[in-house]
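Any read-out appearing in this document is the output of simple, stated calculations on the displayed coordinates, not a laboratory observation. Fair warning: this is a prediction, and the values are worked out from it, not measured in the lab. Neighbour counts run over all protein chains shown; Cβ positions are idealised from the backbone, glycine included.
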Amino acid sequence: MTEASGPGQDAGSRLVGTWTTELDNDGEPTFGLASFSADGGVTSTQTNTKNIGLGNWVATGEDTFEYNFHILATDEAGKLVGEAHINVEGQFVSDTRWEGLGGASFYDPEGKRLRGHGGSKVVATKFGIDK
């Protein structure tokens, strides 16, 4: 069970909002922001990418969820050189923090998978309106 979860507070209702993320990228922290909408949309950005990621999420249990997003990769001239598909499974440890494991697959412009990896730790903290 999560700390301080109220009646009807399933993983989906707690996930909606904006989160700071920290990904363990082979021992180096990679920071980002992710926003989860009530209709299942995800918008994400990370410090190691040039473009935002767009995708979807779904609650998989009372305290668990999964999401994915795609990021377009371009060269310096803006030409499409591929796409990254990111997948994360998360679990709430409180109403304002979750932890999970993520992975990525990388594709060329024709959709051929080039490489991938999994098992990277992700930690996220929810934030509200700055005062």
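Within the stretch 17-41, being crowded, with 16+ Cβ neighbours inside 10 Å and among the hydrophobic types (A, V, I, L, M, F, W, C) holds for W19, L23, L33, A34, F36.
Being without any contact (Cβ under 8 Å) to a residue 60 or more places away in the chain, under 22 Å from Y107 (Cα atoms), outside any strand (DSSP E or B) and of a type in the set (V, I, T) is a property that T43 lacks.
Residue count for the stretch 34-64 under the criterion of being under 12 Å from V88 (Cβ atoms), in contact with a helix residue (DSSP H, G or I) (Cβ under 7 Å, 6 or more places away or on another chain) and among the hydrophobic types (A, V, I, L, M, F, W, C): the result is 2. Among the residues of the stretch 93-129, the ones that are among the aromatic types (F, W, Y), buried (at least 17 other Cβ atoms within 10 Å of the Cβ) and under 15 Å from L33 (Cα atoms) come to 1 in all.
Count of the stretch 51-80 residues, restricted to those that are closer than 16 Å to G40 by Cβ and either within 14 Å of the chain's Cα centre (by Cα) or of a type in the set (A, V, I, L, M, F, W, C) (or both), is 14.
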